[in-house]
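Okay, so here's the structure we're looking at.
Throughout, read-outs are computed from the coordinates displayed, never taken from laboratory work. Just so we're clear, the structure is a prediction, and the values are computed from it rather than from any experiment. Here the Cβ is made from the backbone with ideal geometry for all residues, glycine too, and neighbour counts use every protein chain on show.
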């Protein structure tokens, strides 16, 4: 797995280098916006539709979602406790809560699982994210951001926000077609296959464009320690024992636990900016946890393989 992580890290480093070199005079924000918009509205929905239409959806899907929700709830509750113990200010506390609770389940989780376990593991990442993390983010996550930041930033209903996610609609359609046992036409399968090939490299490159570091962020390192402990140790352990208790085992359990051990999600930066939370602190958490994941994820894989 270390080889896989290092290869992916190479793509992330390409994004970091692009951020500072600015080829053709394009800023990293311009480049990232174009790439993430393409992935968000076209490539990722195509991948979700292709994977879930052919996936083995059943009791294990329910267990994946339950394990993900347990990890999210534990991460949120323990991060709230941590912020109260440290007496963090509201904008900082909100950023810590989001960083500690929500993993980078698709943008990093999907390529890691696919490269480590094979194509079948892509459905684990997608179900973990779209059926657990995404609904939790656009309901509880937004409430948390509003509670610790600017509550007036909620201008539309949370359900409305959730229903505007193209990948979620693709997932719903794919699950319906799957359960109805509608065969995937060959010409459509080939078309979706062409589109989905761009998801992984563009997502990893975009992560590199999103990572940022400055001298002032060194001062925020002690504040990020609870996020590191929750994301890489406590939450994955809880998910591991819960997954074992409900009957998951083998590679499926390993895939679920590794999803729980992913670094903080990049999308949280947008929420922090929108709800006036501490953006710099959140960016520090994303950068640090993403860098540490190169070491931590192979360690988890080795532990799960014994």
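Summary of values
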| quantity | calculated |
| --- | --- |
| The range 67-185: C-alpha gyration tensor shape, a/c 1.5 cut-off, then a/b vs b/c | oblate |
| Mean Cβ count within 10 Å, highest first, over the residues of peptides 182-191, 116-125 | 116-125, 182-191 |
| Percentage relative contact order, the chain, counting C-alpha pairs under 8 Å, at least six apart | 34 |
| Answer label, with Kirkwood radius over Cα pairs in Å calculated from the coordinates and candidates [x] 19.5; [y] 20.3; [z] 18.6 | [x] |
| Whole-number percent relative contact order across the range 18-136, with pairs defined as alpha carbons under 8 Å at least 6 apart | 28 |
| Highest to lowest packing among 228-235, 194-201, 60-67, scored as the average C-beta count within 10 Å | 228-235, 60-67, 194-201 |
| Estimated FRET transfer efficiency when R0 is 41 angstrom, pair residue 179-residue 276 (beta carbons, to 0.05) | 0.45 |
| Ranked by how many other beta carbons lie within 10 Å on average, peptides 99-110, 270-281 from highest | 99-110, 270-281 |
